[in-house]
């Protein structure tokens, strides 16, 4: 079993000490890309979620897995920043919308974006439409990415999209808006009026890259 497999197994088994020790050892060795560590852990988190759905794990286990994943993100962050070495890919305003406090998926996505050279302004969770508007006006980002997991988040996403577009004359533009979350689909995207959506962090990065590239071509 290689290092990533051992790490994935430790996370799935909720072994806190082993998970953090293996993460540190893999990072110190420097032979595995930081993003590969995150991808392996994301897959492990999916297994944890499946075990919770099958009632093999209780809520406490799900919460522990989430805390472990946050700790892994904290360990990986300095390494991925040092290893970037890529051109600035764009600026993104990111946040979990009003009424929703889920942040594991958002944090994973934010880290993946930074790995690929994006500057990310992470507004946190339970972010109001007005806060998104304020940060768009302040930062003039290339993209706005909104995360949500519960169904009530869809209404917040719609309200945020509508507010941003209502202020297009004052902003002089409205950046493309991308939705993310395990429950997001094409129907939700149409309902909110967003430009794109994804349920996977890496697919989301590729969507952002394409949207930034398309916006750059239009400005030529």
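What to note about this one:
- Taking the number of Cβ atoms within 10 Å of each Cβ as an exposure proxy, the fewest-first ranking of 158, 106 is 158, 106.
- Helix 59-83 and the long axis of the chain differ in direction by around 80°, with both axes built from C-alpha atoms.
- Per-pair calculated FRET efficiency, R0 = 35 Å: residue 31 and residue 60 via Cβ, rounded to 0.05: 0.50
- Gyration tensor (alpha-carbon) shape descriptor, region 1-125, a/c threshold 1.5: oblate
- Here the chain carries DSSP beta bridges of which approximately 0% are antiparallel, counting only pairs with both residues inside.
- Taking other C-beta atoms within 10 Å as the exposure proxy, 91, 19, 111 rank 91, 111, 19 from fewest upward.
- In the chain, helices alone account for a calculated mean residue ellipticity at 222 nm of -20000 deg cm²/dmol, with every DSSP H run of four or more residues adding -39,500 (n - 2.57).
- Three-way shape label, region 90-219, alpha-carbon gyration tensor, a/c 1.5: rounded
- Which labelled figure in (1) -0.38, -0.87, -0.98, -1.28; (2) -0.43, -0.96, -1.07, -1.35; (3) -0.37, -0.91, -1.04, -1.42 is log10 I(q)/I(0) by the Debye sum over Cα atoms at q = 0.09, 0.14, 0.15, 0.18 Å⁻¹, once derived from the coordinates: (1)
- In this rough spin-label picture, where each label sits 7 Å from Cα along the Cβ direction, the residue 191-residue 43 distance is 3.2 nm.
- 173, 191, 57, 154 arranged by Cβ crowding within 10 Å, fewest neighbours leading: 173, 191, 57, 154
- Theoretical gain in end-to-end length, residue 67 to residue 15 [0.36 nm per residue, Cα-Cα removed]: 17.5 nm
- For region 103-117 versus region 7-65, the spacing of their alpha-carbon centroids is 16 Å.
- Sequence-separation-based contact order of region 79-220, relative, with Cα cut under 8 Å and 6+ spacing, percent: 25
- Angle between the chain longest axis and helix 201-219 axis [Cα atoms, degrees, rounded to 10]: 30
- Against the chain, whose longest principal axis comes from its Cα atoms, helix 129-139 is set at around 80 degrees.
- Percentage relative contact order, region 22-76, counting C-alpha pairs under 8 Å, at least six apart: 41
Every number in this text was worked out from the coordinates using simple rules, so none of it is lab data. None of the values given here were measured: they were computed from a predicted structure. Positions of Cβ are generated from backbone atoms using ideal geometry, with glycine treated the same way; all protein chains shown enter the neighbour counts.
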